[in-house]
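Each remark here refers to the structure printed beneath this line.
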Amino acid sequence: MSAPATAGAPTAAAEPSLTPVFVRLKLSLLRNGLRQSSGRTAAFVASLVVVLLIAAFMVLGFLLLRGHGAAGAVAVLTTGVFGLGWAVMPLFLPSGDETLDPSRLVMLPLRPQPLVRALLVASLVGTGPLFTLCLAVGAVAAVAHGTAATVTAVLAVPLVLMVCVALSRAIATANVRLLSSRKGRDMALLSGLLIALGIQAVNFGAQALGRTGDLSVLDTAASVVGWLPPASAVAAVDSAADGDLVLAGARLLLAVVALAALLWWWRRSLVRLMVEPDGSTIGAAPDTVKDPAAGRGLLARLLPGGRTGAVMERCFRYIWRDPKTKAAWVSALAVGALVPLFNAFQENGSVYWACFASGMLGLQMFNQFGQDSSAFWMVAQTIASPADAYAELRDRAYVMAAVTVPFTVLVAVGTAAVAGGWSQLPEVFGLAFALLGAMLALGVVVSVRYPYSIPQDSHRNVAPGQGGMAIAAIFGGMFAGPLLCGPLIGLLVWLRVSGHHGLLWLLLPLGVAYGALLLWGALRLMSGRMARRLPEILAAVSKG
Amino acid sequence: MPDQAFDGTFEPTGAAPENSGAAPAVQVEGVWKRFGQQIAVNGIDLVLPAGKFIGLVGPNGAGKTTTLSMITGLLRPDSGRIRVAGHDVWRDPESVARVKARIGILPEGLRLFERLSGRELLAYSGRLRGLPGAEVDKRATQLLDVLDLAGSQHKLVVDYSTGMRKKIGLAAALLHNPDVLFLDEPFEGVDPVSAQTIRGVLERYTSSGATVVFSSHVMELVESLCDWVAVMAGGRIRAQGPLAEVKGSAATLQEAFLELVGAHDRAAAGDSLDWLGGARGDRS
C-alpha cells in the first residue's frame, strides 16, 4: 500500500486535470465507436435526430402548458418518470459506457474523490443527459413565474440533471458488484419480469385514469412525487412561483441532500469495488447459517413424511429458490390474478374468469423434469417401477394443487366481490377445479412424452432445437385443457338453458371428481411409460 | 453384497480375464453405444470383481463416462448386456429396482439439486430412496462431519466450490449404504485436502467389503488407490485385471498406459519440432 501513499502528492496536484481527461476519453471512445462501421454512425445520427426532435417537441409542449392549471403536476410527474428511467436503465444496459466501468480503472492510481467528480462530469456528456437537460429546462420553464421562481429554476436545472446521472451511476456501480455474485444474477433474471409487471400495472392505472378523465388524480400523484428528488427540484420552482419560499427552499434542499447522498453511495461502491474486485466470493460468503433448522423446517413439519414429503418439500423450495421456476410462478400468479380482476372491473366482467387462474397455474405442471435439468438423474435413480413413477408424478401434482386451489378460491372471491355473482361461485369452483385437473393431467402426459431442457445458465427458456416442441406442447395444452372439460361445460350450459338453476351447485362436486379422475387417468397411463423412458427423459432435459 | 450367485450364462471373452470364483460386481457383455456417426463404446466386455477398489482409466474421449452411465442405468446401450451385483440393469423393472437399490453414483457433468442446501440435499435424496427420516438425518449428520462439510451444511449447493460439490455428491451416493459405488472423475478439480478426505472415506468403505469403481485419467492416483484396473481407449477395453498384471514389466502405470493406448509413438513425434528450444537468432 506504500505506492498510492507516495503517489498521493503528485496525484493530488494533478487533480484538476483528471476531469478533462475523462471527458476526452469519453469523446474519443464515442468517435472511435462510430468510426468502426458506417451503420453504427447512421444509427447514432438517426437516434440523435430523433432524440433532439422529441426534446424540441417536449420543450414546446411545456411552453404551451405554461399558465395552465395542470402545468405544475405534469412538469413534476414527467421529471419523476425520467428519474425512474435513469434508475432502471443500468439494470438493462449494464455495460453501456466503458469510461464508467470501474473494473477498467482498478490498476490506475486514482483517488476516489477526484475520480467520482471526473466520472460525474464525463457521464454528463451524451445524448441521454442532453435529452434530460431539455426536459429540465422545459419543465422549469412551464412553472417559473416571477423572480424567485426564476432564481430557483436556475438552480433546479443542473440539480435535476446531476441527480439523474448520479442516481444512474450509483445504481450501475452497486450493480456491478451485485451482478458478479450468484444472488445478483438470480435477481437480474427476475428484475426484467418485475419491471414488465410494473409497466403493466402502470398501464392499467393509465387506462383507468383515461376513462375517468379526472385530472385531480394527477395533482395527488404530483404532491407525492414532488417530494422525491429529482422531481422535488422542479416542484421547488412551482412552490417559489406560488410565493411559498420556505417550501421551495425545503424541496430544493432535499434535491441537494439526495445528490450528496448518491455521490457518497457511488464513491463508497467504487472504493469497495476497487479494493475487492472479486465479487463472486464476497457474494457467496455471507450465506452461512440463517435457519439452523432448515433441514427440518416448518415446511417439513406440515408435509407428509417419506417420499411424498421429500418430493413436495423440494418442489416448494424450488418455487422460491430457483430463479427460473420462481419467474414462471410469479408471472403465472400475477397474470392469473390480474386478468380476472381486470375483467371484473369492466362492465362485462364475470366471475367465470376465475377459471383463468387455475388454468394458468395448471400450466406449471408442463415439463416438470425440464425444471429439474440434468439433476433429474437423482430422481431417475430412485425410480425403478411404474409405482415409483406414479408417486413422483402424483406428488408433484399435489404441489401444483396445494398452491392453485387456495389461489383460485381467492381470485374467484375477489372477482365476485368486484363483479358480483356470488351465487355462481359453486359452479365456477367446479369448472376451475376440473380445468386444473385437466391441465395437471395434460402436464403429466407432456412432461413424460415431450420433455425439453430449460438451460440453467442463460436467459433462454428452451435449448436450441427444442423450441418447436416446447411451444407445441404448451399451446396444445392450452387448447386441450378446456376441450377436456367439454362434458362439464356442456352440462353447465344445459342446466342454464333448461332453467335447472337449482341444480347448478352439482357442478362443484362433479367438477372436483372429474378433475381428479382426469389426473388419476393420466397418472395411470403415463407412470409405466415414465419408468421405461427414464434415460430418454434424462437425455432430453440435459441438453443446453 | 450380491445375493445371487454367478449364473454361468456369462462367458468371459477376449480380453476379459478368468473370474476368481466370487460373483463379480459388474459384468459387461458386448455393449455398444453410438452417438450419430461416432461410436462411443465399441462392443466392450468387462468383468469387475466385487470387494475391490477398481480404476477405469483412459484418455479424454475414451468412453469412460458413457460406459459408467450405461452401467448405472442413466444411458441406454444400443446393444449388449450389463449385470450389476448379479442383476440385469436393462431387463425387467424388478431387476432394475434391485440394481438401483444397490448402487450409489457420483456422475460427472450432471447437476445436483443445487438450490437445496447440503443438508437438505441429503435429506431429500435419502427419503427419495425410502429410508426412514430419522435414520437419514442421523447418517447425513455423520457424513457431513466426516466429509468436513458440517460448516457449510446450510449453504446452497449452488454456492459450493468444486471440491465441496464432489463431497456432497459422494455423501448422497453413500447415504443408502450401497454395495457398489460408481464415481466418475471424483478427484477432478478437487483440492488436495478434499481429495485426501474423499480418499479416506473411500478406503474405509472398501475395507468393509464394498466395491468402488471410479474413472480417472490421473495414473498416479489410480496406481496408489486401486487393486484392479481397466484401461479404456477409443471406445474399447485395452486391458483389465489386477494392477500388477496390467502394469506388467513397466515401471509405472503411466508407462504401461501410454504403451497400451499407443501414445508412445505420438510422444516421439515431438522430434519434428526440432526448432523448438533451439538457438534463437536475432529476429529484427
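The values are calculated or read from the model by the stated rules, or taken from the named source; none is laboratory data. Quick caveat: nothing in here was measured; it's all calculated off a predicted structure. Using ideal geometry, Cβ is built from the backbone for each residue, glycine included, and neighbour counts are taken over all protein chains shown. SASA here: full protein model, heavy atoms, side chains in, ligands and nucleic acids out. Shrake-Rupley method; radii C 1.70, N 1.55, O 1.52, S 1.80 Å.
Going by the structure shown, is A:Asp372 surrounded by fewer than 23 Cβ atoms within 10 Å (Cβ to Cβ) and under 24 Å from A:Pro304 (Cα atoms)? The answer is no for A:Asp372. When B:Glu135 is tested against (1) more than 24 Å from the chain's Cα centre (by Cα); (2) facing chain A (nearest Cβ under 8 Å), just one condition goes unmet, and that condition is (2). Summed over region A:526-543, the residues that are under 14 Å from B:Trp90 (Cβ atoms) and more than 7 Å from chain B (Cβ to nearest Cβ) give a count of 4. Would you confirm whether or not region A:364-379 contains a residue that is more than 14 Å from chain B (Cβ to nearest Cβ), at positive phi and modelled with pLDDT under 95? Yes: region A:364-379 contains one or more residues that are more than 14 Å from chain B (Cβ to nearest Cβ), at positive phi and modelled with pLDDT under 95. Within region B:64-91, being open to solvent by 10 Å² or more (accessible area, probe 1.4 Å) and facing another protein chain (nearest Cβ under 10 Å) holds for B:Ser69, B:Gly73, B:Leu74, B:Leu75, B:Arg76, B:Pro77, B:Trp90.
So which of A:Gly443, A:Gly437, A:Gly430, A:Gly421 ends up being surrounded by fewer than 24 Cβ atoms within 10 Å (Cβ to Cβ) and either touching a Ser or Thr at 6+ places or on another chain (Cβ under 7 Å) or not hydroxyl-bearing (Ser, Thr, Tyr) (or both)? Exactly one residue qualifies, and that residue is A:Gly421.
Please tell me if A:Thr325 is of a type in the set (S, T, N, Q), in contact with an Asp or Glu (Cβ under 8 Å, 6 or more places away or on another chain) and modelled with pLDDT of 55 or more. Judged against the criteria, A:Thr325 is not a match.
Scanning region A:225-238 for residues being in contact (Cβ under 8 Å) with a residue 60 or more places away in the chain, buried (at least 24 other Cβ atoms within 10 Å of the Cβ) and part of a helix (DSSP H, G or I) gives a total of 7. Candidates A:Leu110, A:Leu115, A:Leu155: the one that is open to solvent by 20 Å² or more (accessible area, probe 1.4 Å), under 29 Å from A:Val271 (Cα atoms) and in contact (Cβ under 8 Å) with a residue 12 or more places away in the chain is A:Leu110. Going through (1) more than 9 Å from chain A (Cβ to nearest Cβ); (2) of a type outside the set (A, V, I, L, M); (3) open to solvent by 50 Å² or more (accessible area, probe 1.4 Å) one by one, B:Arg98 falls short only on (1).
Picking from residues in region B:120-136 that are open to solvent by 40 Å² or more (accessible area, probe 1.4 Å) and in a helix (DSSP H, G or I), the one that is nearest to B:Thr197 (Cα to Cα) is B:Glu135. Only one entry of B:Ala140, B:Ala173 meets the criterion of being more than 8 Å from every other protein chain (Cβ to nearest Cβ) and crowded, with 19+ Cβ neighbours inside 10 Å, and that entry is B:Ala173. Going by the structure shown, is A:Leu523 more than 14 Å from every other protein chain (Cβ to nearest Cβ), open to solvent by less than 20 Å² (accessible area, probe 1.4 Å) and over 20 Å from A:Gly362 (Cα atoms)? Spelling it out, it is not the case that A:Leu523 is more than 14 Å from every other protein chain (Cβ to nearest Cβ), open to solvent by less than 20 Å² (accessible area, probe 1.4 Å) and over 20 Å from A:Gly362 (Cα atoms). Annotation: A:Ala222 fulfils all but one of (1) open to solvent by less than 30 Å² (accessible area, probe 1.4 Å); (2) modelled with pLDDT of 80 or more; the unmet one is (2).
Per-residue answers, yes or no, for (1) touching a helix residue (DSSP H, G or I) at 6+ places or on another chain (Cβ under 8 Å); (2) crowded, with 21+ Cβ neighbours inside 10 Å; (3) at pLDDT below 80:
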position	(1), (2), (3)
A:Ala73	yes, yes, no
A:Ala87	yes, no, no
A:Pro90	yes, yes, yes
A:Ser103	yes, no, yes
A:Val125	yes, no, no
A:Leu130	yes, no, no
A:Leu133	yes, no, no
A:Gly138	yes, yes, no
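In region A:291-392, counting only helices (runs of 4 or more DSSP H) that sit wholly within it, the ones holding 1 or more residues that are in contact with a Lys or Arg (Cβ under 9 Å, 6 or more places away or on another chain) span A:298-302, A:306-321, A:323-345, A:368-372, A:376-380. Of all residues in region B:196-238, those satisfying the criterion of being surrounded by fewer than 19 Cβ atoms within 10 Å (Cβ to Cβ) and of a type in the set (Gly, Ala, Ser) are B:Gly200, B:Ser207, B:Ser208, B:Gly209, B:Ser224, B:Gly234. Here B:Leu147 passes the criteria (1) away from every other protein chain (no Cβ under 12 Å); (2) more than 24 Å from B:Gly200 (Cα to Cα) except the one numbered (2). Within region B:83-109, being out of contact with any Pro (no Cβ under 9 Å at 6 or more places or on another chain) and at pLDDT below 90 holds for B:Arg91, B:Asp92, B:Glu94, B:Ser95, B:Val96, B:Ala97, B:Arg98, B:Gly109. Note on region A:511-520: residues that are more than 36 Å from the chain's Cα centre (by Cα) and within 12 Å of A:Tyr390 (Cβ to Cβ) total 1. Restricted to region A:320-336, and to residues there that are within 14 Å of another protein chain (Cβ to nearest Cβ) and open to solvent by less than 30 Å² (accessible area, probe 1.4 Å), the residue that is nearest to the chain's Cα centre (by Cα) is A:Ala327.
Within region A:382-406, residues that are not assigned by TED's automatic domain parsing to the domain that holds A:Ala337 reach no partner that is among the basic types (Lys, Arg) and in a loop (DSSP other than H, G, I, E, B) with beta carbons closer than 8 Å at six or more positions or on different chains.
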